[in-house]
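The values are calculated or read from the model by the stated rules, or taken from the named source; none is laboratory data. Just so it is clear, the structure is predicted and the values come from calculations on it, not from any experiment. Note that we place each Cβ from the backbone using ideal geometry, even for glycine, and neighbour counts take in every protein chain shown. Heads up: the accessible areas ignore ligands, DNA and RNA and are worked out on the full protein's heavy atoms, side chains in. Shrake-Rupley method; radii C 1.70, N 1.55, O 1.52, S 1.80 Å.
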Amino acid sequence: MKIVADSAIPFLRGVLEPFAEVRYLPGADISAADVRDADALVIRTRTRCGAALLEGSRVRMIATATIGFDHIDTAWCAAHGIEVSTAAGCNARGVLQWVGAVLADLSRRQGWQPAQRTLGIVGVGHVGSLVRRYAEAWGFRVLCCDPPREERERCGFLPLGEVAREADLITFHTPLDATTRHLADAALLARTKPRAVVINSSRGEVVDGEALKASGREWVLDVWEHEPHIDRELLGKALLATPHIAGYSEQGKANATALSVAALARRFGLPLAGWYPPQAAASSPRPIAWQELCDTVRGIYDIGAESRRLKAHPEDFEALRDGYAYRREYF
């Protein structure tokens, strides 16, 4: 059995080698020649998986150590008998803590308390549900929009336009697909309050960057169109800007690798069910009061300092992302 794996996936080396030949390569460099005789791939977003990479290979499984899968042509894979496994939910708490850092920073610089703000959440899956739970406990008025969930479950979620009209802050937590590409476009942004803040940590293409610049609204971005070649004007005018690391917690990365290993174990009968990186600290989820968050978050994660680094060196976007020191989850 042969596995080709992205060399930047943490905690993975040595885990699969007793059961397979494993070749580690930079994700962006994995080629059709590399995967031709591979049975499985373990990748991140830097590896585009479709006919160009996989045609004629013997690959039967792709495990992506990411929550998103817009880098994979899932329809082509399904038609060619290739199973795709994601790490959905792996970094939800890491993204929650990034959102918490954003909200605490904006509260401090703009002089408001949660009870004075309405938070709109677009996409109420693994991440959005956590953000909703904590934001409501912190005292925000929270409005949610998730059309697929609303259709399935009748949760009482609101239409996107209504959330846009009411929210002082609107945070996006959707996957990227045909229905969400440029979801935040000129028409939607025009419906928001003049002082609304747009927050995006989902995928860059969910927000139309040109429309955002023209909107007169303010924004906080972790994800960008055309990464790593990000729009310098969009970067410079952002209230806060980070290099696609919202979910980069130690526990989130450990979860992603563990879920990928579990998928391979199930598909190929490997004795690795329940494996988790022994070197990763355990997460200890807990409630946290708003004041405690404001008092402690910069000691764990100084988002303002990180934003200043990216703004000073936008040409280092990939280096800042790839060299990121995973922060620990503390709530």
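Tabulated values for the structure
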item: Qualifying residue in the range 8-20 (condition: over 26 Å from Pro285 (Cα atoms), in contact with a strand residue (DSSP E or B) (Cβ under 7 Å, 6 or more places away or on another chain) and surrounded by 15 or more Cβ atoms within 10 Å (Cβ to Cβ)); result: yes
item: Whichever residue in the range 122-138 is part of a helix (DSSP H, G or I) and not aliphatic (A, V, I, L, M) and, among such residues, is nearest to Ser201 (Cα to Cα); result: Gly128
item: Residue identified as of a type in the set (Val, Ile, Thr) and more than 30 Å from Leu16 (Cβ to Cβ) among Val220, Val261; result: Val220
item: Residue within the range 98-108 that is open to solvent by less than 30 Å² (accessible area, probe 1.4 Å), acidic (Asp, Glu) and either farther than 27 Å from Gly304 by Cβ or in contact (Cβ under 8 Å) with a residue 40 or more places away in the chain (or both) present; result: yes
item: All helices (runs of 4 or more DSSP H) inside the range 224-331 with 3 or more residues being open to solvent by 50 Å² or more (accessible area, probe 1.4 Å) and in contact with a Ser or Thr (Cβ under 9 Å, 6 or more places away or on another chain); result: 250-268
